[in-house]
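*Asks:* Mind having a look at this structure? Questions to follow.
The values are calculated or read from the model by the stated rules, or taken from the named source; none is laboratory data. From a predicted model like this one, the values you see are computed outputs, not experimental measurements. Reconstructed Cβ throughout: ideal geometry from the backbone, glycine too, with neighbour counts over all protein chains shown. All accessible areas refer to the heavy atoms of the entire protein, side chains included, with ligands and DNA or RNA removed. Shrake-Rupley method; radii C 1.70, N 1.55, O 1.52, S 1.80 Å.
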Amino acid sequence: MLSLQLIRDKKEFVAERLSIKNFDAANLLNEITALDKTRRATQSELDELLSKANQLTKSIGQLYKAGARDKAEAAKSRSAELKEQTKVLSAKLSETVELLNKKLVELPNIPHESVPAGHSDADNETVYEEGEMPTLPEDALPHWELATKYQIIDFDLGSKVTGAGFPFYRGQGARLQRALINFFLDEAIDAGYLEYQPPLLINEDSGFGTGQLPDKEGQMYFANEDNLYLIPTAEVPITNIYRNVILKETDFPIKNVAYSNCFRREAGSYGKDVRGLNRLHQFDKVEIVQIEHPDNSYATLETMKEYVANLLRKLELPFRILRLCGGDLSFTSALTFDFETYSGAQKRWLEVSSVSNFESYQANRMKLRFKDKNGKMQLAHTLNGSALALPRIVASLLENNQTPEGIKIPKALQRYTGFDLIK
RNA sequence: GGAGAGUUGGCAGAGUGGUCGAAUGCGGUGGUCUUGAAAACCAUUGACCCUUCACGGGGUCCAGGGGUUCGAAUCCCUUACUCUCCGCCA
């Protein structure tokens, strides 16, 4: 969430920035500032009362010790009166605070100044493009047909056992999955990331910390009996490692990587855009997460971007990088670059990575702070990026590399797959 | 799943109803001493909120939430977590 201080100091600026996200914040901001005012006044009033009550309480103890029983009894009844008043006030205070927090959480992160205005993915800005477009014959097969042809992914079996969007990978297909995971992890470790294996279920506090809760619970699978959510991305457990943590400035940069299954309900998605591997309820992803000093977070975002670009180069996939427009930017992000690979048979770009800087938005929710050189507390910045999400990478690899002999495996992967051709 | 014991400041560990935000030790920071370092000695040592230009003042926090009481780290209820024993189990 945004810091209250920012809203107090620069309400107009916040409103203007949020309009880039097509978010009309005027009313919400007014409510927040009003609640903030009430809260502070109530706090002062309550503190004063409590101060009186504390003094009284102390004197009662002393009066008893001194044997002045009558005086003590008199003080007791005064104290009881005070208590009634503090009860009323503290109820008012906690109501106000609760409402204030509720409203505060409804405000999305403000976009970085470089974010273009826009309403949908059509308004995203292509900032970079690289790689040779595949030249495929007219009868080239989409990946879901290749999957069947080579018996490497079974969607029907997944439907039988679980439901749509939960495929089985089989034989060389399963091996390819494992190869990609290991390749991505090894690359990350070489680049200085620390590998984690996170839990796949998270509690409510964690969901709140990274911004999935309270609004997006419909996107996550929920284990009702135990009040736990299946993670939609490793970002959630890995970033929440730092919930309620105070770092030292020398702890930066923090670079973590994790492979995990990801679970997404994808409520409301259907149609041909979601065929095959294009959109799944369960998929595999390697995610990089960095915690940074605010001064360095944008330089770090660039580094992460370059890191992801390099993975795609090694996989010999044509890709482009988009700067998301305000309308397509997630609730919590300040700046996001999407990576898309070109899938030759579907003849479309597929999103395979999303690299974001959340600035202090998640950190503020999580109370992730550090002590700066002057000993002052500051919120850290959090960043993350897919490096990479498997299904669409697999889709592009299968489609682009199909030949009459079989599907060619890029060189960098061969030592992981142990074969150079799917046949 | 059953039975029991715990959860105190960065860590260890006192504290069982009243000047306790909390002894003590370790660690951290600053200083004295030293050519330098170590040791020793001295001082200092949390987070959050309100208020103040500032100095300062006030409030909250002893796992989370609720309760008893004039007063709770201390008593009661509840949730989470940790540990021990039994059961089950990859």
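*Asks:* Among the listed residues A:GLU302, A:GLU340, A:GLU306, A:GLU316, identify the single one that is assigned to a strand (DSSP E or B), out of contact with any Ser or Thr (no Cβ under 6 Å at 6 or more places or on another chain) and farther than 21 Å from A:MET220 by Cβ.
*Replies:* Working: A:GLU302 fails: assigned to a strand (DSSP E or B); A:GLU306 fails: assigned to a strand (DSSP E or B); A:GLU316 fails: assigned to a strand (DSSP E or B).
Every option except A:GLU340 fails the conditions.
*Asks:* Can you find a residue that is surrounded by fewer than 16 Cβ atoms within 10 Å (Cβ to Cβ) and within 12 Å of RNA strand B (Cβ to nearest atom) anywhere in region A:4-11? Give the derivation first.
*Replies:* The initial filter retains those residues of region A:4-11 that are surrounded by fewer than 16 Cβ atoms within 10 Å (Cβ to Cβ), namely A:5-6, A:8-10.
Those still in the list that are within 12 Å of RNA strand B (Cβ to nearest atom) too: A:5, A:8.
Scanning region A:4-11 turns up at least one residue that is surrounded by fewer than 16 Cβ atoms within 10 Å (Cβ to Cβ) and within 12 Å of RNA strand B (Cβ to nearest atom).
*Asks:* Somewhere in region A:51-71, is a residue near RNA strand B (Cβ under 6 Å from one of its atoms) and within 44 Å of the chain's Cα centre (by Cα)?
*Replies:* Checked region A:51-71: at least one residue is near RNA strand B (Cβ under 6 Å from one of its atoms) and within 44 Å of the chain's Cα centre (by Cα).
*Asks:* Given the structure, is A:GLU138 among the acidic types (Asp, Glu) and either more than 29 Å from A:GLY171 (Cβ to Cβ) or surrounded by 14 or more Cβ atoms within 10 Å (Cβ to Cβ) (or both)?
*Replies:* Working: among the acidic types (Asp, Glu): yes; either more than 29 Å from A:GLY171 (Cβ to Cβ) or surrounded by 14 or more Cβ atoms within 10 Å (Cβ to Cβ) (or both): no.
No: the conditions fail for A:GLU138.
*Asks:* Specify which of the listed residues (A:GLU16, A:GLU95) is at negative phi, out of contact with any Phe, Trp or Tyr (no Cβ under 7 Å at 6 or more places or on another chain), of a type in the set (Asp, Glu) and more than 13 Å from RNA strand B (Cβ to nearest atom). Quick ask: steps written out before the conclusion?
*Replies:* On the way: A:GLU95 fails: more than 13 Å from RNA strand B (Cβ to nearest atom).
So the residue among A:GLU16, A:GLU95 that is at negative phi, out of contact with any Phe, Trp or Tyr (no Cβ under 7 Å at 6 or more places or on another chain), of a type in the set (Asp, Glu) and more than 13 Å from RNA strand B (Cβ to nearest atom) is A:GLU16.
*Asks:* Among the residues of region A:205-218, write down those that are surrounded by fewer than 21 Cβ atoms within 10 Å (Cβ to Cβ) and part of a helix (DSSP H, G or I).
*Replies:* If the condition is that a residue be surrounded by fewer than 21 Cβ atoms within 10 Å (Cβ to Cβ) and part of a helix (DSSP H, G or I), then A:ASP205, A:PHE208, A:GLU217, A:GLY218 are the ones that fit.
*Asks:* Then there is this: What residue, among those in region A:230-261 that are part of a loop (DSSP other than H, G, I, E, B) and within 15 Å of RNA strand B (Cβ to nearest atom), is surrounded by the fewest Cβ atoms within 10 Å (Cβ to Cβ)? So that I can check it myself, show each step before the final result.
*Replies:* Within region A:230-261, the subset part of a loop (DSSP other than H, G, I, E, B) is A:231-234, A:241-245, A:252-253.
Subset that is within 15 Å of RNA strand B (Cβ to nearest atom): A:242-245.
Numbers: A:TYR242: 24, A:ARG243: 17, A:ASN244: 11, A:VAL245: 16.
Checking each candidate, the answer is A:ASN244.
*Asks:* Please state which one of A:THR341, A:THR382, A:THR336 is of a type outside the set (D, E, K, R), under 23 Å from A:LEU18 (Cβ atoms) and in contact (Cβ under 8 Å) with a residue 40 or more places away in the chain.
*Replies:* Numbers: A:THR341 fails: under 23 Å from A:LEU18 (Cβ atoms); A:THR336 fails: in contact (Cβ under 8 Å) with a residue 40 or more places away in the chain.
Residue meeting the stated conditions: A:THR382.
*Asks:* Restricting attention to region A:21-46, and to residues there that are open to solvent by less than 30 Å² (accessible area, probe 1.4 Å) and away from RNA strand B (no atom under 12 Å from the Cβ), which single residue is farthest from A:LYS92 (Cα to Cα)?
*Replies:* Here the answer is A:LYS21.
*Asks:* Please count how many residues of region A:147-201 are of a type in the set (Phe, Trp, Tyr) and free of Cβ contacts under 8 Å to residues at least 60 places away in the same chain. Please lay out each step first, then the result.
*Replies:* First pass over region A:147-201, keeping only residues of a type in the set (Phe, Trp, Tyr): A:150, A:155, A:166, A:168-169, A:183-184, A:193, A:196.
Going one step further and asking which of them are free of Cβ contacts under 8 Å to residues at least 60 places away in the same chain, we end up with A:168-169.
Number satisfying all stated conditions: 2.
*Asks:* Does any residue of region A:314-323 turn out to be of a type outside the set (Ser, Thr, Tyr), open to solvent by 20 Å² or more (accessible area, probe 1.4 Å) and closer than 23 Å to A:GLY211 by Cα? Can you show your working first?
*Replies:* From region A:314-323, those of a type outside the set (Ser, Thr, Tyr) are A:314-323; that's our starting set.
Remaining after also requiring open to solvent by 20 Å² or more (accessible area, probe 1.4 Å): A:314, A:316, A:320, A:323.
Narrowing the set further to residues that are closer than 23 Å to A:GLY211 by Cα leaves A:323.
Within region A:314-323, one or more residues are of a type outside the set (Ser, Thr, Tyr), open to solvent by 20 Å² or more (accessible area, probe 1.4 Å) and closer than 23 Å to A:GLY211 by Cα.
*Asks:* Now a separate question. Restricting attention to region A:73-120, report how many residues are in a helix (DSSP H, G or I) and within 30 Å of A:LYS21 (Cβ to Cβ).
*Replies:* Qualifying residue count for the region: 11.
*Asks:* May I pose another question? Scan region A:72-88 residue by residue and report those that are near RNA strand B (Cβ under 9 Å from one of its atoms), free of Cβ contacts under 8 Å to residues at least 12 places away in the same chain and of a type in the set (A, V, I, L, M, F, W, C).
*Replies:* A:ALA80
Let's see how each residue does on (1) surrounded by 13 or more Cβ atoms within 10 Å (Cβ to Cβ); (2) modelled with pLDDT of 95 or more:
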{"residue": "A:ASP190", "(1), (2)": "no, yes"}
{"residue": "A:ASN203", "(1), (2)": "yes, no"}
{"residue": "A:ALA223", "(1), (2)": "no, no"}
{"residue": "A:LEU228", "(1), (2)": "yes, no"}
